[in-house]
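Working notes for the structure below.
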Amino acid sequence: MPHSTPISVRFYELDPYRHLNHSVYVQYFEVGRIDLFASFGWTLTGMAELGANIVVSEITTRFIAPAVEADQLVVETRVAEVKRVSAVFEQRILRGEEVLATQIVTTACVNLEGRPIRFPDELHAALLEDLA
């Protein structure tokens, strides 16, 4: 089952057409992934303290229908693939049952200098456990 993160669309996130700006969808997806990590007990600060950062290496986003001001949305996030240094997440933004956007994100674990490293063991185990 995917992890769910509720989000409300705010007026200042709209484009001139009164639709949620395309760049904000990417931010919402990021919120969903960070919330998933938090559900495992991991924060970005906590990972950095262990010498690890999670970075995005590829994003594919599909926009299907616009969100508008005051929409109550849900970002669904699921782990689709896990390797020792990388993970792929599949995400959807929904308004009720309607899918507004989808995204596939490939991430990598890197050290504080930006070089690839293995996920910390506990995080790797949590990702594997959540693998759909």
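The values are calculated or read from the model by the stated rules, or taken from the named source; none is laboratory data. The structure displayed is predicted, hence computed values, not measured ones. Ideal geometry is used to build each Cβ from the backbone, glycine not excepted, and the neighbour counts take in all protein chains shown. In case anyone asks, the SASA skips ligands and DNA or RNA and just uses the protein heavy atoms, side chains included. Shrake-Rupley method; radii C 1.70, N 1.55, O 1.52, S 1.80 Å.
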Problem - Distance in nm between pseudo-label sites at ALA80 and MET1 (7 Å out along the Cβ direction from Cα) - result: 2.2 nm
Fill in the blank from the handout: Relative contact order of region 29-132 (C-alpha contacts under 8 Å, at least 6 apart) in percent is 31 percent
Exercise for the section: Starting from region 1-35, pick out the chymotrypsin sites (Phe, Trp or Tyr not before Pro) whose DSSP state is loop and whose Cβ has at most 11 other Cβ atoms within 10 Å. Expected result: TYR17
Problem - ILE59-GLU113 pseudo-label distance in nm [points 7 Å out on the Cα-to-Cβ vector] - result: 2.8 nm
Exercise for the section: Pick out, from ASN21, GLY96, MET1, the residue whose Cα sits farthest towards the positive end of the charge dipole of the chain, with +1 on the Cβ of Lys and Arg and -1 on the Cβ of Asp and Glu. Expected result: ASN21
Exercise for the section: Divide by every residue of the chain the summed helix terms, -39500 (n - 2.57) for each DSSP H run of at least 4, and state the resulting mean residue ellipticity at 222 nm, rounded to the nearest 500 deg cm²/dmol. Expected result: -8000 deg cm²/dmol
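Before I look further, what does the chain give for accessible area per residue, probe 1.4 Å, in whole square angstrom?
That works out to 56 Å² per residue.
Assign unit charges at the C-beta atoms only (+1 for Lys and Arg, -1 for Asp and Glu), then state the dipole size of the chain relative to its Cα centre in Debye, rounded to the nearest 20.
240 debye
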Practice task
Find which of GLY32, ASN111, ALA80 sits farthest along the positive direction of the dipole of the chain, computed with +1 on the beta-carbon of Lys and Arg, -1 on that of Asp and Glu, about the Cα centre.
Solution key: ASN111
Completion exercise
So ARG95 and VAL68, fully extended at 0.36 nm per residue minus their Cα-Cα distance, gain in nm 8.7 nm
Practice task
Take the alpha carbon atoms of region 20-82, find their center, do the same for region 3-19, and report the distance between the two centers in whole angstrom.
Solution key: 14 Å
Handout entry: Longest site-free stretch - the chain; sites: GluC sites (Glu not before Pro), DSSP loop, at most 16 other Cβ within 10 Å
Key = 1-68
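When the Kirkwood radius is taken over all Cα pairs of the chain, what Stokes-Einstein diffusion coefficient follows at 37 °C and 0.692 mPa s, in µm²/s?
On the way: Rh = 15.3 Å.
Here the translational diffusion coefficient equals 214 µm²/s.
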